[in-house]
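Worksheet for the structure shown next.
The values are calculated or read from the model by the stated rules, or taken from the named source; none is laboratory data. In this text, all values refer to a predicted model and were calculated from it rather than measured experimentally. Methodologically, a virtual Cβ is constructed for each residue, glycine included, from the backbone with ideal geometry; neighbour enumeration extends over all protein chains shown.
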Amino acid sequence: MEQNNNDTLIGIGVVFAGLLVLVVITYWKIVLGLGLLVGAGALLIRWSIHRAHERLEAIAAAADRRFAGDVFRFGDRYGRITRVQVAGLPGQGRFQVLSELLEEDAEGIRLRPQSQQLTPPADLAPLASSRGIGRFLAGEGIDEVGDLAVEARATQAAIECLRESEWTAGALERLEQLIHSTSRTLAKAAGNELLEPSIPQLQAALEAFSAEERKLREAGEEAGRMLRKLMDFLSVPEELRPILNFDLDQLFDPQRLQSLEQSFQEVVLINDTFRDLSHDRLA
């Protein structure tokens, strides 16, 4: 019974195939025209999707040039956009906004990386200008803060304070190693004819390292205090900020970290120079 059913199905298939061949032979011009039309339509759709994706990437590149590094408000938090790009394949592309947000948790204040994917509007024409892109971002809850606004300056200062704190912590670790190695060498120098002539230089280096350590520790603590004040200011409701007496110029010196880095490099150079001299002496 099952064999009979299979034979019947095969027979129907053969008949259908024969009819299809007959139709193609009889109406081959129409079939060919329809095939060409479908193929052209598929190519046109593919080209349109590719062009739309290219336009999306061009808009993202323009937004990246305009907004990367600028301060924005993300809901009730402040931060800066670090990159604007396109994520996804053609036909599924979205704007990807990478940012760093100031936030505070149990571990302290930090910059938290964030990535947001935004669905572009069907009509990309309004995004042809920076103002249009800004309005689009604002509609997604990402509001630009003007460069001259005190909130923008306070956010940038807070980010610099974080950078200063992180750099200071790393510099202190290096200085602690230098102080430890210098103290250990100094302890071995007395009575050692190879090291004894270097005792004055070792003592001078140790004093320089210790003085730099105190300066960096004070700078790190000051950066922490400034960061706390800046975060407190940014946490005040926006409508109350205009009545606050907030002098950012007196609170934060943007050149301070550069001075600290230069001073630290000079102290490290003392160690490198002394190490080279000691190597030549012992060689």
Within region 228-250, identify whether any single residue is out of contact with any strand residue (DSSP E or B) (no Cβ under 8 Å at 6 or more places or on another chain), modelled with pLDDT of 70 or more, aromatic (Phe, Trp, Tyr) and more than 25 Å from Ala149 (Cβ to Cβ), and answer yes or no. no
Here the residues within region 86-123 that are in a loop (DSSP other than H, G, I, E, B) and modelled with pLDDT under 90 are Gly88, Leu89, Pro90, Gly91, Gln92, Gly93, Ala106, Glu107, Ala122, Asp123
Mind checking which residues of region 88-108 are more than 12 Å from the chain's Cα centre (by Cα) and closer than 17 Å to Arg73 by Cβ? Leu102, Glu103, Glu104
For region 26-81: of the residues being among the β-branched types (Val, Ile, Thr) and either under 17 Å from Gly134 (Cβ atoms) or modelled with pLDDT of 90 or more (or both), which is nearest to the chain's Cα centre (by Cα)? Ile81
Identify the residue in region 140-154 that is out of contact with any Gly (no Cβ under 7 Å at 6 or more places or on another chain) and either assigned to a helix (DSSP H, G or I) or hydrophobic (A, V, I, L, M, F, W, C) (or both) and, among all such residues, is surrounded by the fewest Cβ atoms within 10 Å (Cβ to Cβ). Leu148
Would you check if Leu206 is outside the structural domain of Ile49 (by TED's automatic domain parsing) and in contact with a Ser or Thr (Cβ under 6 Å, 6 or more places away or on another chain)? yes
Give Leu175, Leu137, Leu194, Leu162 a once-over and let me know the one that is over 19 Å from Gly79 (Cβ atoms), of a type outside the set (Gly, Ala, Ser) and part of a helix (DSSP H, G or I). Leu175
Residue list for region 170-191, restricted to those being loosely packed, with under 14 Cβ neighbours inside 10 Å and not polar (S, T, N, Q): Gly170, Glu173, Glu176, His180, Arg184, Ala187, Lys188, Ala190, Gly191
